[in-house]
1. I'd like the mean, over residues of A:122-135, of how many other protein chain beta carbons sit within 10 Å of each residue's own Cβ.
2. Whole Å is fine, so just give me how far the alpha carbon centre of the stretch A:128-177 lies from that of the stretch B:101-177.
3. Given the Cα-Cα distance of A:Lys80 and A:Met175 and 0.36 nm per residue of separation, how much length would full extension add, in nm?
4. Counting only other chains, what is the mean number of Cβ atoms within 10 angstrom of the Cβ of each residue in peptide B:8-21?
5. Within the set B:Lys27/B:Lys67; A:Lys109/B:Lys126; B:Lys80/B:Lys143; A:Lys80/A:Lys143, which residue pairs have Cα atoms separated by over 23 Å?
6. Taking square-rooted eigenvalues a ≥ b ≥ c of the alpha carbon gyration tensor, is the protein assembly as shown rounded, prolate or oblate, where a/c under 1.5 means rounded and, failing that, a/b exceeding b/c means prolate?
7. Provide the packing ranking of B:35-48, A:91-104, A:146-159, i.e. peptides ordered by the mean count of other C-beta atoms within 10 Å per residue, highest first.
8. Where does helix B:18-30 land angle-wise versus the long Cα axis of chain B, in degrees 0 to 90, nearest 10?
Number of protein chains: 2
Amino acid sequence: MTLMKRIAIDMDEVISDANIRFSEWYKRDHGIEFTLEQLASSGFADLVPEEHRPIVREYAFHQDFFKDLGVIPGSKEVIKDLHEKYEIFITTAAMEFPYSFTPKLQWLKDHFPYISWTNIVFCGDKSIINADYMIDDNVRNFKRFMGQGILFTAPHNRNVEWDVRVNSWQEVREMLL
Amino acid sequence: MTLMKRIAIDMDEVISDANIRFSEWYKRDHGIEFTLEQLASSGFADLVPEEHRPIVREYAFHQDFFKDLGVIPGSKEVIKDLHEKYEIFITTAAMEFPYSFTPKLQWLKDHFPYISWTNIVFCGDKSIINADYMIDDNVRNFKRFMGQGILFTAPHNRNVEWDVRVNSWQEVREMLL
């Protein structure tokens, strides 16, 4: 048996779409709707007036925020194929949002049923992760990461510099399969 | 700044006493009480009649099981001192027991308030942990662990072979401080 390489994959903005949820709730509370183009241009907190930023940040601490989030296009199909050739772990910094535990686990069961509970990690500081690759939308998670960080493009990181970046799951497929 | 070495520390039977909870609930349900000596002699499931083992295993899936567990003697004091010289992460295979998430987090806040949420990890397969040492009561967690596994003596592992074993938190202090 050859040892499979291991990929650690983040959830929010990588496989699950939390950005759209921010937008839905903001519309519900303030009656303002952003276009998909606007949503794609920068992190959601940067789209709203400064006085609303704390309210928007609070959303993620609400128990319903992470329920039934959308799936980032291509992630289901590409991760299923990666799963044949790599050990896949889902590594999410959920520890900051204890209300997210149950919905995140349910969401993974619904959309990625082939990922075992043994391969799901709720953590904070991701330097604790032992993997060869990490696909994540936050470069801060790569800072002390032992493997290769792969920055997954999200609205908030468009202008962040990082040498290995992918803009879609199709690009992950091309890089790793 | 020199880089601190990192210790990953398990919860059940290492810092929290789940064994006593099994015993309390078994007494409640079956009226049979074990002595501390009996409890220390082997894993709880091995003390009860074979037909009761599945019931005992179910206990850990109940939402109250992990609430207000006792603290393993010495762990508070020794980990506080280790915390000055090492990076400490709590790494618990909680993913199998989703009901344990909230009580485990609360328990850590109550008894180890100096451990930040960033340094708490709920996982399954512990080979995902990047650390120098792992203090754990299950040798299966050392199998693919990149660092040195330190077996913490618990009733169920008395007869397990492992080259680095500690019988108490005092012995951890002597080994690592």
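Each value in this text was obtained by applying a stated rule to the coordinates, not by laboratory testing. These figures come from a predicted structure and were not determined experimentally. We place every Cβ from the backbone using ideal geometry, glycine too, and count neighbours over all the protein chains shown.
1. 5
2. Here the answer is 30 Å between Cα centres.
3. 32.7 nm
4. Going residue by residue through B:8-21 and averaging, the value is 0.
5. Pairs exceeding the cut-off: B:Lys80/B:Lys143; A:Lys80/A:Lys143.
6. prolate
7. Result, highest mean Cβ count within 10 Å first: A:91-104, A:146-159, B:35-48.
8. 10
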